[in-house]
Amino acid sequence: MPRAPRIRRRASRLPLLHLLPNIVTIGAICAGLTGLRLALHDRFEAAVLMVLLAALLDGLDGPLARLLKSESKIGAELDSLADFVNFGVVPGFLLYLWSLDNTSRLSWIAVLIFAVCAVLRLARFNVTAREDAQEDRPKPGTFTGVPAPGGALLALAPFSLVQNFPTLPMPAGAVALWLVVVGLLMISRLPTPSLKWVRIPRDSARFLIVGLVAFAAVASTWPWVVMTLAQMGYIILIAWSARGTAREEFSDED
């Protein structure tokens, strides 16, 4: 009896280059967890720099996936989990070990509130990113609430301030309160600016590249000054956005 011909299935092969965005995301997770380890050894400056590195990698994986046309559901989930670890867990723990009273339950509650707000913010973002949630999407050029990377940047403001002004008193209670405030900003409905919608004219691209190189040089020379200025600028943008939202609501009522 003749044997039935075997049907060989070709294993689907994925170009190695298409894995690059996920590799970048995993690198961001490793940077964030390394920052946590450095904080446990009281190397707080290096720990903060690891969080900033994680934020940089987080900003690269999405555009890289779109450029390579390798966007996937697993990549989106991996990015969300990385954001929670890097920007929801690590900054709170870092501040807890650096300034907050480790024996105080209130300090730990502040860390928990920040982490919970971060995960709620990410969950809301994942839901509104679906095609069936068009009515809940923010206006073009904005986020709904402070995004997780922005929340991490703001949460670390007390640390960068002390780096610039070593004699500045920074009570643990003030740091805990600030952590809670930033957490609430993340889950708020406040429209906050988004750079994803910024478009640069092609003729101006070379000037942008020169500006980025200059910014990198300044940031590597005075990292804490640049970080504090970035935090202050972001706070001003949030306040400006809140003012604009209040004006729109007031005009609608009229």
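List of remarks:
- Separation in nanometres of the label points that stand 7 Å from Cα toward Cβ, at Leu106 and Leu177: 1.0
- Each Lys and Arg contributes +1 and each Asp and Glu -1, all at the Cβ; summed about the Cα centre of segment 16-253, the dipole is approximately 340 debye.
- On full extension, the segment bounded by Leu68 and Leu120 gains 15.7 nm, given 0.36 nm per residue less the C-alpha separation.
- Charge dipole (debye, nearest 20) of segment 69-116; +1 at Cβ of Lys and Arg, -1 at Cβ of Asp and Glu: 60
- Segment 16-253 - Rg over Rh from alpha carbon coordinates, Kirkwood radius: 0.97
- In this simple spin-label model, placing a label point 7 Å from the Cα along the Cα-to-Cβ direction at both Arg37 and Ala239 gives a separation of 4.1 nm.
Every read-out reported here was derived from the displayed coordinates using simple, explicitly stated rules and does not represent laboratory data. Since the model is a prediction, treat every value here as computed from it, not as a measurement. Note: ideal-geometry Cβ built from the backbone for every residue, glycine included; neighbour counts use all protein chains shown.
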